[in-house]
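The values are calculated or read from the model by the stated rules, or taken from the named source; none is laboratory data. Keep in mind that this is a model prediction, so the values were computed, not measured. A quick note on method: Cβ atoms are made from the backbone with ideal geometry, for glycine too, and the neighbour counts reach across all protein chains shown. Protein only, heavy atoms only, side chains kept; ligands, DNA and RNA dropped before computing areas. Shrake-Rupley method; radii C 1.70, N 1.55, O 1.52, S 1.80 Å.
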Amino acid sequence: ERDLLSLALDSTDIYHLRSRAVFALAQFGSPNVRRELKHLLVADSKEDPSDELKGWALMAMWPEQISIAEVLEVLTPRSDEHFMGGYAIFVTQLARTIGAQLTPTTLPSALDWVMKQPHLPRLFDRLHSVSDAILTYAWAHLHLPDVSSRFAEIAFHKAKQHEPVIAADTLVNKGQPV
């Protein structure tokens, strides 16, 4: 386990081998070792050109070793939108699971993250699914002042961009009327 961790964190080693090491640790590593992968969340594009290290490291830590705020802080549009790897898989999983991790306390900062997202085409940006999951959770908590004001600001901005507040396919998948 320690050898895999050393390989994963060694920026001079072969990228593909490092990626496989992080994947193995995400699947089988102990919580203490998985926590040490946090260093890979801020690797630059030269060190992690396909976001594989970041993706598998996030997969290894979510949700036990990393908070919602920490995850949202490191989420970025994919370096290569045509590459389907660890990062794209993590973002897809996050969109499915973030609602269970959100609380009324963490929701305002999650909505702040939604507000800061750049306007990118949905076709290439999987982060929309995370935004939609946060907004779907927020919908049930509009009675909270910190939530309703942020939700209204997001809805207004999206309306100006001629975008749905929450994508119809998100609501259909949640069993909610569109």
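In the chain, a dipole from Cβ-located charges (positive for Lys and Arg, negative for Asp and Glu) runs towards its positive end, and of ALA155, PRO63, ALA21 it is ALA155 whose Cα lies farthest in that direction. Rounded to 0.05, the FRET efficiency of the ASP80 and THR105 pair, given R0 = 41 Å and the Cβ-Cβ distance, is 0.70.
Averaging the sequence gap over all C-alpha pairs within less than 8 Å and six or more residues apart, then dividing by the number of residues, gives the range 1-66 a relative contact order of 34 percent.
Just checking the listed ones, PRO31, PRO145, PRO49: in the Gaussian network model of the chain with Cα springs under 10 Å, the one fluctuating most is PRO145. A helix-only calculation puts the chain at -17500 deg cm²/dmol for mean residue ellipticity at 222 nm, using -39500 (n - 2.57) for each DSSP H run of at least four residues, averaged over all residues.
Solvent-accessible surface (1.4 Å probe) assigned to GLU1 amounts to roughly 100 Å².
Overall, the chain carries a charge dipole of about 400 debye about its Cα centre when +1 sits on the Cβ of Lys and Arg and -1 on the Cβ of Asp and Glu, all other atoms neutral. Take every Cα pair under 8 Å whose residues are at least 6 apart in sequence, average their separation, divide by the length of the range 71-163, and the relative contact order is 35 percent. Relative contact order (percent) for the chain, with alpha-carbon contacts under 8 angstrom and 6 or more residues of separation? Computed over the chain, the figure is 16 percent.
Taking the C-alpha atoms only, the angle from helix 86-101 to the longest principal axis of the chain is near 50 degrees. In the chain, the portion of solvent-accessible area held by carbon and sulfur atoms comes to 57 percent [1.4 Å probe, whole percent, DNA, RNA and ligands not counted].
Shape verdict for the range 56-145, please, from the Cα gyration tensor: rounded (a/c under 1.5), prolate (a/b greater than b/c) or oblate. Verdict is oblate for the range 56-145. Per residue, the range 1-106 exposes 51 Å² of accessible surface when a 1.4 Å probe is rolled over the protein heavy atoms with every protein chain present. Taking every lysine pair in the chain that is 8 or more places apart or spans two chains, those with Cα atoms closer than 16 Å amount to 4.
Between the helical axis of 145-160 and the longest alpha-carbon principal axis of the chain there is an angle of about 90 degrees.
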